[in-house]
Structures are given as C-alpha cells and as structure tokens.
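The values are calculated or read from the model by the stated rules, or taken from the named source; none is laboratory data. None of these values were measured; they are calculated from a predicted model. So basically every Cβ, Gly included, is an ideal-geometry build from the backbone, and we count neighbours across all protein chains shown.
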C-alpha cells in the first residue's frame with residue numbers, strides 16, 4: 001500500500017460498496033477517493049478488532065483523513081456511511097448510487113491525464129518522501145515490538 005501511496009502517476013480509488021480496514025487504507029493511498037452513495041460502510045475497524053494500527057498505515061490514512069477526524073476514525077473505529085465520510089472530507093467525491101461511479105472516475109482521470117507526468121511524479125515524491133522514509137526506518141522495529149507485546 002505504501003507503493004500505491006508513493007506511485008509516481010495519479011491513482012484513483014472508485015467503488016460502490018463497503019470499504020473496511022484494508023479497503024480504506026488502499027483508498028487513502030490513492031490520490032483521489034470516489035465512492036457511490038448507498039447503504040455501505042466506510043470504516044477503519046482495526047482497533048475494534050484488537051489490532052494496533054502501525055505507523056505506515058497511519059501515515060497513509062492521515063494523508064486523506066482530515067486531522068480533526070483522526071481520533072474517531074482511527075482510534076474509535078467509527079463506521080461511516082459514504083455520505084458521512086464525504087461530509088467529513090475522508091472521501092473526495094460522493095457519486096449518486098446509480099450515477100456511474102466508473103464514469104465519474106474516468107472523467108476525473110481525464111483531468112489528471114492533462115497534467116505533466118514528470119512534474120506530478122516529482123511533486124508527489126517531494127510531498128511524501130520525508131514521512132515515507134521515516135516510517136520505513138522504524139518499520140522493522142515497530143513490527144518486532146508489535147509481535148513481542150501484542
């Protein structure tokens with residue numbers, strides 16, 4: 001998922017359905033997150049399932065989840081409807097349930113396609129490289145700590 005987070009070209013997550021745990025992480029790793037409105041759940045449920053969220057996951061999630069919602073999303077494992085996630089800024093675009101989520105994603109991709117790929121890649125790298133390098137430095141230590149203590 002860190003590879004998607006650091007991928008040098010634009011990435012878009014677009015879905016009509018539930019996004020729970022790893023689905024949210026992968027969605028947050030993308031540069032744009034689009035969801036269909038409907039009876040679906042968006043939830044980081046790791047803590048509710050007795051799992052610690054390591055630094056590399058919090059890094060990815062913090063890049064998409066506004067600071068004021070970190071606690072309720074990551075620590076409290078709050079479940080949101082797509083509309084609630086959109087209203088909190090966790091989701092970038094809310095598409096009507098029958099509104100063609102893939103059509104919306106393709107339309108947005110066309111806008112991104114017009115950008116300079118080398119400039120996009122360089123800017124994305126500069127934007128994300130310091131924090132990414134930090135989480136990779138502590139990854140093994142954090143993993144070992146988790147295995148020994150949880």
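Name the single residue, out of those in region 122-135 being surrounded by 13 or more Cβ atoms within 10 Å (Cβ to Cβ) and under 18 Å from the mean Cα position of the chain (by Cα), that is farthest from residue 2 (Cα to Cα). The selected residue is 124. A single member of 81, 64 is crowded, with 16+ Cβ neighbours inside 10 Å and modelled with pLDDT under 95, and it is 64. Going by the conditions given, is residue 14 more than 25 Å from residue 139 (Cβ to Cβ), in contact with a helix residue (DSSP H, G or I) (Cβ under 8 Å, 6 or more places away or on another chain) and either crowded, with 19+ Cβ neighbours inside 10 Å or at pLDDT 95 or above (or both)? Taking the combined requirement at face value, the residue satisfies it. Taken together, the residues in region 12-26 that are assigned to a helix (DSSP H, G or I) and closer than 15 Å to residue 52 by Cα amount to 2. Applying the set (1) surrounded by 14 or more Cβ atoms within 10 Å (Cβ to Cβ); (2) out of contact with any helix residue (DSSP H, G or I) (no Cβ under 8 Å at 6 or more places or on another chain); (3) at pLDDT below 95 to residue 55 leaves exactly one unmet item: (2).
Just to be sure, is residue 93 at pLDDT 95 or above and in contact with a strand residue (DSSP E or B) (Cβ under 9 Å, 6 or more places away or on another chain)? When the stated conditions are applied, residue 93 passes them. Checking region 94-108 against the condition returns no match, with no residue being in contact (Cβ under 8 Å) with a residue 40 or more places away in the chain, touching a helix residue (DSSP H, G or I) at 6+ places or on another chain (Cβ under 6 Å), surrounded by 17 or more Cβ atoms within 10 Å (Cβ to Cβ) and farther than 22 Å from residue 18 by Cβ.
Among the residues of region 46-82, the ones that are without any contact (Cβ under 8 Å) to a residue 60 or more places away in the chain and within 13 Å of the chain's Cα centre (by Cα) come to 11 in all.
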